[in-house]
């Protein structure tokens, strides 16, 4: 099967990955490969640095990060864009070992030969988004929708937190209603039994 992608210099930033053949919408293009490391290991090491804006780290789940500085492939060269033609898709393993989860890059629209692949990195930082950090994480995708930074707005993070909180509250409420319904039913059943006796 002919290779569908090729890595080479990019006008966006450093190296990039380009379509060497037509890629269909929804097509799984490549797995993002690298060594599985815990968040603690990554934080203690020098693989990624907030102050440089250069990282090959991909958050896999709450336990692990994919560190594409080791055991990598061409997926690490795919650049960020504010108007991407791809997305990163998490595939969770059926077992309990979260190291076996995988990330794949898939096309969200048809991609023509010669076109550069890109996806939104979705970078969120706890730190305040200062001018210096925005400059470090500057986006050069050239899209008409370009925000000028790879950093995601803080409001998105707040919205996600609020949505998770609301979802938890809704689940708790449903659980409480279900438990109350079960207790009420058990109470009615015991009254029926004692009435028959």
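Annotations
- Any hit, the stretch 43-52, residues being touching a strand residue (DSSP E or B) at 6+ places or on another chain (Cβ under 9 Å) and not in a loop (DSSP other than H, G, I, E, B): no
- A residue that is exposed (fewer than 10 other Cβ atoms within 10 Å of the Cβ) and at pLDDT 85 or above occurs somewhere in the stretch 141-163.
- Checking the stated criteria, residue 5 turns out to be in contact with a helix residue (DSSP H, G or I) (Cβ under 7 Å, 6 or more places away or on another chain) and at pLDDT 95 or above.
- Single match in 101, 62 (criterion: at pLDDT 95 or above, under 27 Å from residue 44 (Cα atoms), under 18 Å from the mean Cα position of the chain (by Cα) and surrounded by fewer than 19 Cβ atoms within 10 Å (Cβ to Cβ)): 101
- So residue 197, is it over 22 Å from the mean Cα position of the chain (by Cα) and at pLDDT 70 or above: no
So that you can scan it fast, the table gives a plain yes or no per residue for (1) surrounded by 13 or more Cβ atoms within 10 Å (Cβ to Cβ); (2) without any contact (Cβ under 8 Å) to a residue 40 or more places away in the chain; (3) under 24 Å from residue 134 (Cα atoms):
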{"residue": "7", "(1), (2), (3)": "yes, no, no"}
{"residue": "29", "(1), (2), (3)": "yes, no, no"}
{"residue": "72", "(1), (2), (3)": "yes, yes, no"}
{"residue": "105", "(1), (2), (3)": "yes, no, no"}
{"residue": "116", "(1), (2), (3)": "yes, no, yes"}
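- Some residue of the stretch 129-138 being closer than 26 Å to residue 27 by Cβ and either part of a helix (DSSP H, G or I) or out of contact with any helix residue (DSSP H, G or I) (no Cβ under 6 Å at 6 or more places or on another chain) (or both): no
The values are calculated or read from the model by the stated rules, or taken from the named source; none is laboratory data. Note that the coordinates shown come from a computational prediction; the quantities given were computed from them, not determined experimentally. Cβ: placed from backbone, ideal geometry, glycine included. Neighbour counts: every protein chain shown.
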